[in-house]
Amino acid sequence: MTRTRIEGLLAAFPKLMNTGKQHTFVETESVRYVYQPMEKLYMVLITTKNSNILEDLETLRLFSRVIPEYCRALEENEISEHCFDLIFAFDEIVALGYRENVNLAQIRTFTEMDSHEEKVFRAVRETQEREAKAEMRRKAKELQQARRDAERQGKKAPGFGGFGSSAVSGGTTAAMITETIIETEKPKVAPAPASVHMKIEEKISLTCGRDGGLQNMELHGMIMLHISDEKFARIRLHVENEDKRGVQLQTHPNVDKKLFTAESQIGLKNPEKSFPINSDVGVLKWRLQTTEESFIPLTINCWPSESGSNCDVNIEYELQEESLELNDVVITIPLPSGVGAPVIGEIDGEYRHDSRRNLLEWCLPVIDAKAKSGSLEFSIAGQPSDFFPVQVSFVSKKNYCNIQVTKVTQVDGNSPVRFSTETTFLVDKYEIL
């Protein structure tokens with residue numbers, strides 16, 4: 001699995017949750033999410049749909065029991081701090097995608113087990129140090145004996161050559177010893193989580209007619225700022241806005257609007273004040289509303305045509321905004337009830353027939369500039385109007401309006417601050433009526 005695929009699956013999980021019911025798993029067309037609430041967090045296991053659900057639940061329980069072994073509290077910061085310990089423990093439970101036959105005590109033993117190679121290395125280094133000390137004592141005795149011999153014979157004691165010789169005299173013994181010190185390679189430590197984090201989220205609501213034409217497209221976006229260290233509470237966000245579609249921007253009432261207009265920086269009106277700590281604060285939001293067809297990110301054309309008592313349906317998509325990468329795309333087509341399953345002709349991607357809800361779900365893991373178009377053909381009994389409205393869902397790690405935070409600096413001194421961003425582009429509604 002590619003990293004993009006994994007990120008897409010994880011991004012889709014919160015949308016699939018139904019908080020009003022008690023469940024332990026949820027399925028999509030290709031994977032099963034097995035999950036367990038843990039206070040404010042979730043432990044999530046992603047498996048194939050043909051895996052053993054009972055074994056998956058047992059594996060999930062073992063994962064959840066491992067966390068208290070390393071974390072004092074079930075909080076995001078605590079888990080991030082011990083992420084490598086947890087990864088090593090998880091690796092003892094699942095290897096190459098398969099469950100290992102281990103229990104909690106064995107995991108503890110395996111992760112705490114001393115390294116044989118490390119013991120050998122330490123023994124070799126200690127032997128080398130002992131030999132170096134013995135050689136140093138032997139050299140010192142030789143020099144001391146040479147000094148005594150020289151004094152008995154009335155000669156100058158031997159010295160050391162080099163950058164100016166140093167002689168042995170006045171009862172002082174000098175020795176120059178060179179030791180070889182072998183240092184262990186320091187373990188690589190993951191960088192600490194950034195104290196300044198931003199979530200950039202956009203949601204699109206779009207309605208098109210079945211005969212073409214954009215009826216309405218509305219997009220809402222927001223930058224949410226989260227600061228976890230009060231040392232970085234007096235900062236400014238440098239925003240880069242490359243949107244050319246006429247998006248309307250609005251800053252938070254406490255943000256200096258003149259500063260944002262003049263320099264594209266987000267800072268508080270009173271620079272002596274600080275942003276709130278440990279809470280998500282919306283600092284900038286934007287809105288785009290249009291009926292311009294060229295603004296549609298993903299066009300969908302559905303062509304049902306009657307053929308006797310059946311309908312032949314041709315449906316195609318094309319990515320117009322080629323800078324986007326859409327993940328976990330699902331195009332849902334309604335079907336007439338009581339007529340059986342559709343006969344699939346040509347298809348790009350995969351499909352799933354939901355007979356209970358009378359839906360055909362056309363599933364595409366990725367749509368991007370390299371795979372920007374595709375089509376599906378199927379036949380089923382019905383009338384052309386039976387196959388509308390067509391609905392589309394997807395997630396993306398790149399926002400539509402191309403508004404990004406490129407730099408964060410402190411108010412005093414303008415020194416740069418390390419930050420992290422999380423960008424999500426989601427569908428609120430996407431219909432072809």
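Residues that are small (G, A, S) and in a loop (DSSP other than H, G, I, E, B) within the stretch 298-326 comprise G308, S309, S323, listed in sequence order. Looking across the stretch 56-81 at every residue that is within 21 Å of I6 (Cβ to Cβ) and among the charged types (D, E, K, R), the one that is surrounded by the fewest Cβ atoms within 10 Å (Cβ to Cβ) is identified as E76.
The number of residues in the stretch 2-40 that are under 20 Å from T424 (Cβ atoms), at pLDDT below 85 and either touching a Gly at 6+ places or on another chain (Cβ under 8 Å) or among the aliphatic types (A, V, I, L, M) (or both) comes to 2.
The set of residues in the stretch 1-55 that are open to solvent by 50 Å² or more (accessible area, probe 1.4 Å) and in contact with a Ser or Thr (Cβ under 6 Å, 6 or more places away or on another chain) contains only Q36.
Consider the stretch 241-297 and keep the residues that are farther than 26 Å from S323 by Cβ and part of a strand (DSSP E or B). The one that is least open to solvent (accessible area, probe 1.4 Å) is V255. Of the residues E322, E346, E361, the single one that is acidic (D, E) and over 31 Å from the mean Cα position of the chain (by Cα) is E346. Annotation note: of E377, E361, the sole residue that is among the acidic types (D, E) and either within 13 Å of V329 (Cα to Cα) or modelled with pLDDT under 95 (or both) is E361. Output yes when any residue across the stretch 150-166 is open to solvent by less than 70 Å² (accessible area, probe 1.4 Å), part of a helix (DSSP H, G or I) and either at pLDDT below 80 or in contact with a strand residue (DSSP E or B) (Cβ under 9 Å, 6 or more places away or on another chain) (or both), and no when none is. Taking every residue of the stretch 150-166 in turn, at least one turns out to be open to solvent by less than 70 Å² (accessible area, probe 1.4 Å), part of a helix (DSSP H, G or I) and either at pLDDT below 80 or in contact with a strand residue (DSSP E or B) (Cβ under 9 Å, 6 or more places away or on another chain) (or both). Pairs are defined by a Cβ separation below 8 Å, a sequence spacing of at least 6 or placement on different chains, a first member in the stretch 340-358 that is over 16 Å from N310 (Cβ atoms), and a second member that is open to solvent by less than 50 Å² (accessible area, probe 1.4 Å) and β-branched (V, I, T); the pairs so defined are Y351/I344.
The values are calculated or read from the model by the stated rules, or taken from the named source; none is laboratory data. All figures in this text were calculated on a predicted structure; none of them were measured in a lab. Don't worry about glycine lacking a Cβ; one is built from the backbone with ideal geometry, like all the others, and counts go over all protein chains shown. Just so you know, the surface numbers come from the protein's heavy atoms only, side chains and all, with ligands and any DNA or RNA stripped out. Shrake-Rupley method; radii C 1.70, N 1.55, O 1.52, S 1.80 Å.
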